[in-house]
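The values are calculated or read from the model by the stated rules, or taken from the named source; none is laboratory data. In this text the structure is predicted, and so the values were computed from the model without any measurement. Glycine gets a Cβ as well: all are built from the backbone with ideal geometry, and neighbour counts include every protein chain shown. The area values use the complete protein model at the heavy-atom level, side chains included, leaving out ligands, DNA and RNA. Shrake-Rupley method; radii C 1.70, N 1.55, O 1.52, S 1.80 Å.
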Amino acid sequence: VTALEGRAQPANAGEKITIDPFDDAVLQNPYPVYERLRRDAPVLWNEAIGTWWVSRYEDVFVGLLSDEFSAKTTASQLGITGEVDLGNFGRTNTLPTTDPPDHIRLRRIANRSFLPRAISDFRPRIETIANDLLSAAIGAGVVDIVGTVTETLPILVIAELLGVPTSEAATFKRSSLDMMKAFNGPRMSADEARRAETAVRDLEELFESLRIDRQHRPQSDILTTLAEAEADGAKLSRQEYLATCVLLLVAGNETTAGSLAAAVYLLGKNPVQYQALKEEPTLVDSATEEILRILGPVHWVVRRAKRDTDIAGCTVPAGQAVSFLLGSANRDETHFSNPDVFDVARAPSDHVAFGRGSHQCLGAPLARAEIQVFLGALLDNCGRIQLVDDHPRWTGSLQSRSLESVQVSLHKT
Ligand code: HEM
């Protein structure tokens, strides 16, 4: 790995910096690495994975808004290992890996289901789901909040929004969890790979039967919107219909689950901040943004230079891949004061946890609603969060990093 000069002269230009993004030590705590990159090698060719690493806030922000980059990337750069067959989702270009005009066509269809209005109408259902899940955990002694609450909440929410019948909810949940393992990169075992493949097949079968059902009996759910676009022919192919259904699970479940678990961890570790939120619940919105900024689950997004392109004084040759490090940008000391401090009242927070530009997270209004509602339910019912393990392990990959488990006691008073 070779450090190249950035816009600011690196203190150690020419020094070799070695970073393996799949190294467990990096996954457990990537922030010291990011800090060093921002200071010494803000635009770095990382031979280990064959992409340029861009780590400063300004360069990430500008890069994601630029049309010098294409989103057409390979599965391995997205964190999927080559050996897993992810069905239509693996074979078809979906939103995150398409450029205009396909991206505009697909985004226009999907956007309808994620408008802020549609999400705010759905908020009461999220409240019920959050309260139901939390009521079993609060006052129940030591629980793993991941296994009991945070991993399940986004799956139940998206199942309802999609329109998956309640009779299929248990299968849907198991398949969604199994499929997530395909994104663990080299950490995935052979057994997990087979289970992920079975899960995708089961989910595609379910979505195919619901497609036919919705074309005859339209309802007010996402599957109807997508099935109608498929019926139109010109708008969405059969493969794109199936791939988009699976994409919504892939993109939305683990990321949101990871953010909810991070919320419990951060508030358990910072009791003064939890108290501040209890005293001033209107801070729930800024607390949500702060959780996303400081421990957002998506640490990089990958693009490809369409032509020779300048980033901070470095020329990225045409065709080469660039990883924009959102996780680093969100801790950039030149943009955020005291970036490593968790402050629920931080305002404004123009973090990049949802990316920027045309590929900015489609599900951001939904994810925000889920985190805000979850925090509200926690504040209403839990007086104190006691972390049992101060240093829980991180799992996944830098593509989607989340806590493996968070052992806590949620006390009523
Ligand atoms: C806290 C939770 C979430 C985080 C941190 C997150 C993060 C992101 C990021 C960083 C991107 C940009 C990818 C890129 O630029 O290449 C993205 C895109 C996307 N996200 Fe999310 N996401 C979250 C939740 C969701 C949810 C709940 C859904 C839907 C159910 C969703 C659906 C999508 C889709 C479809 C895209 C692709 C958009 C496009 O390429 O046009 N996400 N997300």
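Summary table
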| item | result |
| --- | --- |
| Of the criteria (1) within 14 Å of the ligand (Cβ to nearest atom); (2) closer than 19 Å to Leu86 by Cβ; (3) modelled with pLDDT of 90 or more, which one Ala251 fails | (3) |
| Of all residues in region 333-357 being within 16 Å of the ligand (Cβ to nearest atom) and over 19 Å from Val250 (Cβ atoms), the one that is nearest to the chain's Cα centre (by Cα) | Val352 |
| So Pro218, is it away from the ligand (no atom under 16 Å from the Cβ) and in a loop (DSSP other than H, G, I, E, B) | yes |
| Selection count where residues are farther than 21 Å from His299 by Cβ, within 16 Å of the ligand (Cβ to nearest atom) and open to solvent by less than 20 Å² (accessible area, probe 1.4 Å), scope region 367-392 | 4 |
| Tally of residues being assigned to a helix (DSSP H, G or I) and either hydroxyl-bearing (Ser, Thr, Tyr) or open to solvent by 20 Å² or more (accessible area, probe 1.4 Å) (or both) across region 221-247 | 11 |
